[in-house]
Amino acid sequence: MIKKILWVDDEIELLRSHVILLTQKGYEVDTVTNGEDAISAVTEKQFDLIFLDEMMAGMGGLETLQKIKEINANIPVVMVTKSEEESLMNDAIGSKISDYLIKPVVPSQILMVCKKFLEGKKISGEYVAKDYLQDFNQISHKLLDQPDYNEWVDLYLKLVNWDLELDTHPEVDLRQTLTEQKKECNKEFGKFVESNYKKWINSVGSSETPMLTTQVIEKYVIPHIKKSEGPVFFFVLDCLRVDQWNVMENHLRDLFHISRDYYYAILPTATPYARNSLFSGLFPLEIEQKYPSLWSSGKDDERSMNKYEKDLLLLLLQRRGVKLNNELKYLKIIDPDVGRSFDQNIHSHKNTHFMAVVVNFLDMIAHGRSDSELLKEIAPDESAFRSLTESWFRHSSLLSTLKSISNMKNAKVIVTTDHGSIRSLRGAKVLGDREASSNLRFKFGRNLKVDDKHAIYVKNPEEFKLPKRGITTSYIFAKEDYYFVYPTDYHKYLSHYKDTFQHGGVSLEENILPVITMESKE
């Protein structure tokens, strides 16, 4: 489709060579010599780009611009001016120009602007496709070289970055290719974790072991508490993935100095296990042995097993010899009213030495999508799920709270999560006793049976530093994007849970997690 340009200038004849050049390049160019004619032209015809002279007899450029925007607010307008005064530039930008050029303009400038606004998506899309196909080959070759834990982080970040890049270039038809590559990477990542996890949990802190859940507070939080000159806030966003953080971070860069690191979540990647380990600095079995009164043997749900997070955190600080200037503050935000109240009173914490805050909204969005046809319609795929996350964050009390913290002198904010989630698309049939747990990505119980291709089987829980829960109890962790379904009413539940975001198993999305350190710019 031919792109249509309107050029508005009272000396248009002096620009005839530029008009001819654009015509030769395949653009259709209309010209007028005053603001009134420009407004009539925009009213009668659709244009893709307007060049607008700033100094014209009669109606000036800024007034013309304002009236054009009233007719069509979305059309890009490039102001062409002889003036280099900053005040004029500010006036033009404030009036929503898309760009400006200083006279005398040269052909290359004009052509560059046209390509930017009229062909930018197409050109950048072509380069995106070229660059991804190059990375596709590099990632595929890397999988053959048996990546170590650092290289797996790099591979995952590449995949996340391409996910976000394709979000901005929906015209590039590579989404299915990327999805298949992610699936292949998760297949190999499951094998990698299965082969190395026992070694990791028995050699924590060695150079051959990635940073694990149990080390996060000691490495990233306690040093700030010890040398703090201002408040230290530790936010745990339940069920946060790297891609979700990336879209959230865009709203924080002007507020904080931000640095990022990554760690590996323990198994199972589920709240009752991972968050307790995060706050205690211990593996689940160690919590049960060391603090039996703080470890419930009841159902694996947050209410029964995550009641003592503050207690576990205090015990960790005591073991590490950390002394606080005032009482440890702990808050769990599980509904909007609590979040708004915290936001309204955040300045009362400017002298708090250390505060831990658990935010459950992302987990609620993930589970809510599983139960709501409306949310599935709003977020039918991962790209839309990221968009839903960004929309929530942009309007959330959490962002408002972080903005307030950014104004506190010497404030430090550490943000992380206990686990991520994966979009579960394939069912795996599992057998087990009636008492076996109901989780979709991990299970424990007696006589559990599942295809080895779909899950990691743990016969002896103590080897994985997990509570035994009985002499014959075993655990299974789903790999890739599988979810467990019992034979009873198999097809009913297979359909019901397909395409839901779940956690508890082994995948890049669940296991490789961000740790963000933010320092206020005040």
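The values are calculated or read from the model by the stated rules, or taken from the named source; none is laboratory data. Only a predicted model underlies this, so the values are computations on that prediction, with no experimental measurement involved. With ideal geometry, Cβ positions are generated from the backbone for all residues, glycine too; neighbour counts draw on all protein chains shown.
Brief remarks on what is shown
- For first residues located in the range 459-470 and in contact (Cβ under 8 Å) with a residue 60 or more places away in the chain, partners that are surrounded by 13 or more Cβ atoms within 10 Å (Cβ to Cβ) and of a type in the set (Lys, Arg) and lie 6+ apart or on another chain with Cβ distances below 8 Å form the pairs PRO461/LYS468; PRO461/ARG469; GLU462/LYS468; GLU463/LYS198; PHE464/LYS198.
- Taking the criterion of being among the hydrophobic types (A, V, I, L, M, F, W, C) and in a loop (DSSP other than H, G, I, E, B), the residues of the range 1-42 that qualify are MET1, ILE2.
- Scope the range 75-112; condition farther than 21 Å from GLU11 by Cα and modelled with pLDDT of 90 or more; matching residues: ILE75, PRO76, MET112
- Qualifying residue in the range 55-63 (condition: touching a residue at least 60 places away in the same chain (Cβ under 8 Å) and assigned by TED's automatic domain parsing to the domain that holds VAL113): no
- Those helices (runs of 4 or more DSSP H) of the range 344-418 in which at least 1 residues are free of Cβ contacts under 8 Å to residues at least 40 places away in the same chain, considering only elements entirely within it, cover 361-371, 373-378, 382-394.
- Residue within the range 157-176 that is in contact with a strand residue (DSSP E or B) (Cβ under 7 Å, 6 or more places away or on another chain), buried (at least 18 other Cβ atoms within 10 Å of the Cβ), of a type in the set (Phe, Trp, Tyr) and under 20 Å from GLU188 (Cα atoms) present: no
- Within the range 5-56, considering residues that are out of contact with any helix residue (DSSP H, G or I) (no Cβ under 9 Å at 6 or more places or on another chain) and of a type in the set (Gly, Ala, Ser), the one nearest to VAL77 (Cα to Cα): ALA41
- Matching entry among VAL216, VAL193, VAL204, VAL232 (being surrounded by fewer than 19 Cβ atoms within 10 Å (Cβ to Cβ), among the aliphatic types (A, V, I, L, M), touching a strand residue (DSSP E or B) at 6+ places or on another chain (Cβ under 9 Å) and closer than 23 Å to LEU278 by Cβ): VAL204
- Consider the range 453-468 and keep the residues that are out of contact with any helix residue (DSSP H, G or I) (no Cβ under 8 Å at 6 or more places or on another chain) and not polar (S, T, N, Q). The one that is surrounded by the most Cβ atoms within 10 Å (Cβ to Cβ) is ALA455.
- Among the residues making up the range 257-291, those that are in a loop (DSSP other than H, G, I, E, B) and touching a residue at least 40 places away in the same chain (Cβ under 8 Å) are ALA265, ILE266, LEU267, PRO268, THR269, ALA270, GLY281, LEU282, PHE283.
- Scanning the range 449-489 for residues that are in contact with a strand residue (DSSP E or B) (Cβ under 8 Å, 6 or more places away or on another chain) and among the β-branched types (Val, Ile, Thr) gives VAL450, ILE456, VAL458, THR472, THR473, ILE476, VAL485.
- For the range 334-347, the count of residues that are within 29 Å of SER396 (Cα to Cα), more than 21 Å from the chain's Cα centre (by Cα) and basic (Lys, Arg) is at least one.
- Test: LEU21 is in the same structural domain as LEU111 (by TED's automatic domain parsing), out of contact with any His (no Cβ under 8 Å at 6 or more places or on another chain) and in contact (Cβ under 8 Å) with a residue 60 or more places away in the chain: yes
- Count - residues of the range 32-68 that are within 18 Å of LEU118 (Cα to Cα) and not aliphatic (A, V, I, L, M): 5
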